[in-house]
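What follows is a short report on a single structure.
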Amino acid sequence: MTQRIREFLRTRRDDGPCVVVDLDVVETNYHAFARALPDTRVFYAVKANPAPEILRLLARLGSSFDCASVAEIEMALAAGATADRISFGNTIKKERDIVRALELGVRLIAVDCQAEVEKIARARDAADADGVRVFCRILCDGAGAEWPLSRKFGCVPEMATDVLEHAHRLGLTAYGVSFHVGSQQGNVGAWDQALASSATIFAECRERGISLSMVNLGGGFPTKYLKQVPGVESYGDAIFRSLSKHFGNRLPETIIEPGRGMVGNAGIIEAEVVLVSKKSEDDAVRWVYLDIGKFGGLAETMDEAIRYPIRTERDGDSMEPCVLAGPTCDSADVLYEKVPYLLPVSLSIGDKVLIEGTGAYTTTYSAVAFNGFPPLRSYVI
């Protein structure tokens, strides 16, 4: 926890759980990505945390933006980004939203099937837009990721060449290939096989008279939770080696889409213990209920995939395993039960807990008013 966050929490009015994000950490992370992959453009994944203060900072630093919706595109533009620094990276889009994105000046758009290509071609005509570039997302193995992103987005690599050729025939610019190795990817070599597939697609397109330009390396860059993770420099080195191995001297343009790795470690949630109880007198495991749960911003505890570090003022006391749950009247609102969490035996009702690494995918997962609880409050300092 940074000193700035510590001071903010010390003086804030207690109005329920909140997440506090330190912009200094975000800026440090941005410069680390820029150094680790100096010839690669950074497209911040807006969905990780779209706080206006974060977007304005990154726009000022020169970042580009990966957007999943028209609303995110408008947020990036409002923050100071120009349309040429925006990618419409969602492969599942309404045709009218594509038209709107084109009207706003966006020209870089993701696809993963021929039907999506046809939507973009019709939208181009409706918006009277030129210079529309499409890149095809391919499926890849997400082994090593704590939050895999498989099946829903992308096509098999063998299909991508046909998708890109279809775009070319419809007068769009077949621009490149993208993939995602899975969020919170702990294996620095995870990009290698996807880059091998990308190089094959580049070669197949060349044989059909189509010259691709770009590989979107996606996200996957981790933040630190309970386990140590490699530094971003290690990922940069491994990715550059794989690019050189598979593309030789004909290196493509590259972009990355860090989200969690950009803002995750910049944020901390302060929450409160609502109840500590047992289910029977001889139960060895306590239940600790917080005033935040899955529906309040901790959705990534689903299947206990993301295990956040939790700190308390009683951490020097004896520790025992407990089940950790949220406050709502929903049986799914249990954070950690399969692998119980170690917390101080002395932890009591009203105690504050700090949940670290929560700058990403918390406010955007927070329900509007499930059970009447307000959305997670966010402070950016």
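The table that follows gives values for the structure above.
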read-out	value
Single residue of the range 97-115 satisfying the filter (in contact (Cβ under 8 Å) with a residue 40 or more places away in the chain and not in a strand (DSSP E or B)) that is nearest to the chain's Cα centre (by Cα)	Asp112
Only listed residue being touching a residue at least 12 places away in the same chain (Cβ under 8 Å), touching a strand residue (DSSP E or B) at 6+ places or on another chain (Cβ under 6 Å), buried (at least 19 other Cβ atoms within 10 Å of the Cβ) and not hydroxyl-bearing (Ser, Thr, Tyr), chosen from Ile310, Ile349	Ile310
Residue list for the range 10-44, filter: modelled with pLDDT of 95 or more, under 27 Å from Asp351 (Cα atoms) and assigned to a loop (DSSP other than H, G, I, E, B)	Pro17, Asp22
Enumeration of residues in the range 48-68 that are touching a strand residue (DSSP E or B) at 6+ places or on another chain (Cβ under 7 Å) and among the small types (Gly, Ala, Ser)	Ala51, Ser63, Ser64
Tabulated pairs, the range 368-381, first closer than 14 Å to Thr358 by Cβ, second surrounded by fewer than 14 Cβ atoms within 10 Å (Cβ to Cβ), C-beta under 9 angstrom, 6+ apart or interchain	Arg377/Asp15; Tyr379/Arg12; Val380/Pro52
Enumeration of residues in the range 132-150 that are small (Gly, Ala, Ser) and either free of Cβ contacts under 8 Å to residues at least 24 places away in the same chain or part of a loop (DSSP other than H, G, I, E, B) (or both)	Gly142, Ala143, Gly144, Ser150
Matching residues in the range 294-335 - criterion: being within 13 Å of Val353 (Cβ to Cβ), touching a helix residue (DSSP H, G or I) at 6+ places or on another chain (Cβ under 9 Å) and among the hydroxyl-bearing types (Ser, Thr, Tyr)	Tyr308
Any hit, the range 81-88, residues being assigned to a loop (DSSP other than H, G, I, E, B) and not assigned by TED's automatic domain parsing to the domain that holds Gly219	yes
Options Gly220, Gly209, Gly186, Gly182: the member that is outside the structural domain of Glu300 (by TED's automatic domain parsing) and modelled with pLDDT of 95 or more	Gly209
Residue match in the range 152-168 (condition: in a loop (DSSP other than H, G, I, E, B) and out of contact with any His (no Cβ under 8 Å at 6 or more places or on another chain))	yes
Scan of the range 169-208 for residues that are out of contact with any helix residue (DSSP H, G or I) (no Cβ under 8 Å at 6 or more places or on another chain) and part of a loop (DSSP other than H, G, I, E, B), ordered by number	His180, Gly182, Gly186, Asn187, Ala190
Filtered residue count, the range 56-80, keeping only those that are surrounded by fewer than 24 Cβ atoms within 10 Å (Cβ to Cβ), in a helix (DSSP H, G or I) and over 14 Å from the mean Cα position of the chain (by Cα)	11
Residue selected from the range 227-247 under the condition of a type in the set (Phe, Trp, Tyr) and more than 16 Å from Asn265 (Cβ to Cβ), by the criterion farthest from the chain's Cα centre (by Cα)	Phe247
Test result for Phe88, of a type in the set (Phe, Trp, Tyr) and in contact with a Cys (Cβ under 7 Å, 6 or more places away or on another chain)	yes
Among the residues listed as Asn249, Asn187, the single one being farther than 27 Å from Thr28 by Cβ and surrounded by fewer than 22 Cβ atoms within 10 Å (Cβ to Cβ)	Asn249
Residues of the range 6-17 classified as touching a strand residue (DSSP E or B) at 6+ places or on another chain (Cβ under 7 Å) and either surrounded by fewer than 21 Cβ atoms within 10 Å (Cβ to Cβ) or under 15 Å from Thr223 (Cα atoms) (or both), total	4
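Yes/no per residue for (1) outside the structural domain of Met214 (by TED's automatic domain parsing); (2) farther than 16 Å from Arg311 by Cα; (3) among the β-branched types (Val, Ile, Thr):
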site: His246; (1), (2), (3): no, yes, no
site: Arg250; (1), (2), (3): no, yes, no
site: Asp282; (1), (2), (3): yes, yes, no
site: Ile292; (1), (2), (3): yes, no, yes
site: Ala299; (1), (2), (3): yes, yes, no
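The values are calculated or read from the model by the stated rules, or taken from the named source; none is laboratory data. As the structure is a prediction and not an experimental result, all values here were calculated from the model. Don't worry about glycine lacking a Cβ; one is built from the backbone with ideal geometry, like all the others, and counts go over all protein chains shown.
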